[in-house]
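Please read the structure below before turning to the comments.
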Amino acid sequence: MKWLRDLWTEPASSADRNREARARLFIICYWFSTVWLLVATGGNLLGGHASRSVSYAMFVTIALGTIPYALVKRDRLELGAMLWLGGSFVTTTFGLAMLGTIRAPALGFYLIIVLCTGLVFGARAMVVSVAAGSLAVAGLIGMENRGWLPAPDYRVTFTQWITASAFFACVGGLTLAATRQIRASLAEAEAEVAERRRKETELREANRRLEEALNSVKTLKGLLPLCAWCRKVRSDEGYWSALESYVSTHTDATFTHGICPDCQAKLVGGPDCKRA
């Protein structure tokens, strides 16, 4: 259905092709991350040992994530993406703190944040997100070692299996979808380049034909010294030549000889006269 396809990939149209492609990549990241959060939340509920604070943080992330998503759909890519990535970073850090340890599948969401940042904002922003994630993990490690975090629950349940499986599927699907989107953008760019080359070739051919046409045109300009009696034309060298010869020499025109009605009347007595 078209509305579902538009909900999945189509941002607001933009004159900037690169910006529109980045908006599509953000939407792909958003949906894969949202699905992962939903599945992970379901795993927490089924496992029965997850912290309620973590589940609440996931629900808040999903609910508030619709606001940046709506901004991106309305061609507010930078603002929407920054809000979503920043909010995801904060809720991920909060969730890990409530779990009491970084040794949890939720730590992998930092990887998703790094991937999405690189796809939407480029290499420099990705480096910043890597540094922020590294500092957050270092801070959580220090807090855990000092006993500032809640006591972690190290029991392995159905929750870990669901969360890890959903994470694998999310990262794999995100990578595949992003790769396809990048390939589609490259194909569009290559098609545009090929079309420009074709038009340039046609333009060069048209210019060549025009130059040939202009080169084949010879125009007589200025005053021609013409004899009033014999109708000969004097050349620049001072030679007199018949009008037909002069015109044929200086242009691409040639002459064929016939007789006009007036001359015919003078020579043979008119078109209606009878020969003796």
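Please treat every number below as a calculation from the coordinates, not as lab data. Because the structure is predicted, anything quoted here is derived from the model rather than measured. Backbone-built Cβ (ideal geometry, glycine too); neighbour counts: all protein chains shown.
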Query raised in the report: Of 261, 68, 152, which is the most mobile in a GNM of the chain whose springs link Cα atoms less than 10 angstrom apart?
Result: 261
Query raised in the report: What spacing in nm lies between the two simple spin-label points modelled at residue 103 and residue 252, each 7 Å away from Cα in the Cβ direction?
Result: 9.0
Requested in this report: Check cross-link reach from residue 232 to the aspartates and glutamates: straight Cα distance under 13 Å, and skip same-chain residues fewer than eight apart.
Outcome: 244
Report summary line: If 69, 56, 154 are placed from fewest to most neighbouring beta carbons inside 10 Å, the sequence is 154, 56, 69
Query raised in the report: Just 242, 97, 81 to compare: in a GNM of the chain, with alpha carbon springs under 10 Å, which one fluctuates most?
Result: 242
Report summary line: Expected unfolding gain across residue 157-residue 179 under the 0.36 nm per residue rule, minus the alpha-carbon gap, is 4.5 nm
Report task. Subtract the Cα-Cα distance of residue 240 and residue 207 from 0.36 nm times their separation in residues, and report this length gain in nm to one decimal. Result -> 8.0 nm
Query raised in the report: Taking the simple approach of a point 7 Å from Cα along Cα-to-Cβ for both residue 262 and residue 230, what is their distance in nm?
Result: 2.2
**Report entry** Fully extended contour minus Cα-Cα distance, from residue 145 to residue 123, at 0.36 nm per residue
**Finding:** 4.6 nm
Report summary line: Quick numbers on the chain, Rg and Dmax over C-alpha atoms in Å, give 41.2, 140
Query raised in the report: Between 210, 226, 107, which gets the highest mean-square fluctuation from a Gaussian network model of the chain, Cα cutoff 10 Å?
Result: 226
Report task. Could you name the aspartates and glutamates whose alpha carbon sits less than 17 Å from that of residue 73, not counting residues in the same chain fewer than 8 places away? Result -> 6, 10, 16, 20
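To the nearest 0.05, what FRET efficiency results for residue 169 and residue 197 with a Förster distance of 41 Å applied to their C-beta separation? Write out the running numbers ahead of the final one.
Numbers: r = 42 Å, r/R0 = 1.02.
Calculated value: 0.50.
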Requested in this report: With label points built 7 Å along Cα→Cβ from the Cα atoms of residue 135 and residue 59, find their separation and express it in nm.
Outcome: 3.2
Query - Taking the chain and dividing mean pair separation by its residue count, relative contact order in percent (alpha carbons under 8 Å, at least six apart) - result: 17
